[in-house]
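The values are calculated or read from the model by the stated rules, or taken from the named source; none is laboratory data. Since we're looking at a predicted model, the values are computed, not measured. With ideal geometry, Cβ positions are generated from the backbone for all residues, glycine too; neighbour counts draw on all protein chains shown. Calculation scope for accessible area: heavy atoms of the full protein, side chains included, ligands and nucleic acids excluded. Shrake-Rupley method; radii C 1.70, N 1.55, O 1.52, S 1.80 Å.
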Amino acid sequence: MTDDAPSITAEQFAAQTSRIIASVSAVIDGKPDAVRSALVCLLAEGHLLIEDVPGVGKTMLARALAASVDATVRRIQFTPICSPATSPASRSTTRWSASSHSSRVRSSRTS
């Protein structure tokens, strides 16, 4: 079986992920679980939905992680229907996904 992807040892993988976590943590202070979860989702080529109040760094997390792995970020702003029953004004969401095939992190936020 031949594989075009470069192989690395477990130690090299651990060192690289530690460097990425340190890089993102230099920007996102005090949220190690969020940084680690975001990196795990990126490596698994999965999706991550972050819900929190406005201004806590959801988009900054996506941007810092993208910069650490030489990817790009795209952010889309959505405006919900504004009624007290359907739109909690105190919450916002950042949703982003990454793919190693496209080396892209997509980010969107609703408030």
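Could you tell me whether ILE20 is at pLDDT 90 or above and either open to solvent by 80 Å² or more (accessible area, probe 1.4 Å) or not in a strand (DSSP E or B) (or both)?
Spelling it out, ILE20 is indeed at pLDDT 90 or above and either open to solvent by 80 Å² or more (accessible area, probe 1.4 Å) or not in a strand (DSSP E or B) (or both).
Using the structure shown, decide if VAL56 is open to solvent by less than 60 Å² (accessible area, probe 1.4 Å), modelled with pLDDT of 75 or more, among the β-branched types (Val, Ile, Thr) and not in a helix (DSSP H, G or I).
yes
For (1) on the phi > 0 side of the Ramachandran plot; (2) charged (D, E, K, R); (3) touching a strand residue (DSSP E or B) at 6+ places or on another chain (Cβ under 8 Å), each residue gets a yes or a no:
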{"position": "THR9", "(1), (2), (3)": "no, no, no"}
{"position": "SER18", "(1), (2), (3)": "no, no, no"}
{"position": "VAL24", "(1), (2), (3)": "no, no, no"}
{"position": "SER37", "(1), (2), (3)": "no, no, yes"}
{"position": "CYS41", "(1), (2), (3)": "no, no, yes"}
{"position": "HIS47", "(1), (2), (3)": "no, no, yes"}
{"position": "ILE50", "(1), (2), (3)": "no, no, yes"}
{"position": "GLY55", "(1), (2), (3)": "yes, no, no"}
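Report whether or not SER103 is out of contact with any Lys or Arg (no Cβ under 6 Å at 6 or more places or on another chain), open to solvent by 50 Å² or more (accessible area, probe 1.4 Å) and either at pLDDT 90 or above or not β-branched (Val, Ile, Thr) (or both).
Yes, satisfied.
Residues in region 39-47: is at least one touching a helix residue (DSSP H, G or I) at 6+ places or on another chain (Cβ under 7 Å) and open to solvent by less than 60 Å² (accessible area, probe 1.4 Å)?
Scanning region 39-47, I find at least one residue that is touching a helix residue (DSSP H, G or I) at 6+ places or on another chain (Cβ under 7 Å) and open to solvent by less than 60 Å² (accessible area, probe 1.4 Å), so the answer is yes.
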